[in-house]
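> The structure's right below; bear with me while I get my questions together.
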């Protein structure tokens, strides 16, 4: 199954569970916030759906274009997550030039957003820290 179909299926199921009040936290409390439900869905997608090498090439092309644009009204967390996943893929492929390129593009995007007074959420910072933990720059 492609990444898009897999992610759509998981997000749809998560949101249906949320609407039926069946989506719960670890402590069995029912989730009442739509954004939190979506975050849970995105986490499940990241855990369960994997890109093929062909899809990584499509993601690379899409992100290359997206990250060069100026952020409009918010930082898109899903695109930051995709960028981290792409950097991790290039790291595994030992393509350190592309790792560095996409890290620089992402930081440029974030700095542009901050200069427009857009909020950088805690989840975005978490993704940026995960990229830094790769430590591919020492090679």
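> Tell me the relative contact order for region 3-48 as a rounded percent, counting alpha carbon contacts under 8 Å between residues six or more apart.
The normalised contact order for region 3-48 reaches 43 percent.
> Next question, about the same structure. How high is the relative contact order of the chain, in percent, with contacts defined as C-alpha pairs under 8 Å that are six or more residues apart?
After rounding, I find 22 percent.
> Another question, if that's okay. Can you give me the distance in nm between label points at residue 46 and residue 9, each placed 7 Å from the Cα along the Cα-to-Cβ direction?
Modelled inter-label distance: 2.1 nm.
> Running a GNM on the chain with Cα contacts under 10 Å, which residue among 128, 106, 118 ends up with the highest mean-square fluctuation?
With Cα springs under 10 Å in the chain, the top fluctuation among 128, 106, 118 is at 118.
> Could you work out which residue, out of 103, 119, 28, moves most in a Gaussian network model of the chain, that is, has the largest mean-square fluctuation with Cα springs under 10 Å?
Comparing 103, 119, 28 in the GNM, the peak value goes to 28.
> Could you give the nm distance between label points at residue 39 and residue 105, where each point is 7 Å from its Cα heading toward the beta carbon?
2.7 nm
> Apply 1/(1 + (r/R0)^6) to the Cβ-Cβ distance of residue 130 and residue 2, taking R0 = 22 Å, and write down the FRET efficiency to the nearest 0.05.
Efficiency, rounded to the nearest 0.05: 0.35.
> Given only helices, namely DSSP H runs of n ≥ 4 each adding -39500 (n - 2.57), what is the per-residue ellipticity at 222 nm of the chain, to the nearest 500 deg cm²/dmol?
-22500 deg cm²/dmol
No lab work stands behind these numbers, since they all come straight from the coordinates. What you see is a predicted model; the values in this text were computed from it and never measured. All Cβ positions, even for glycine, are placed from backbone atoms using ideal geometry, and neighbour counts span all protein chains on display.
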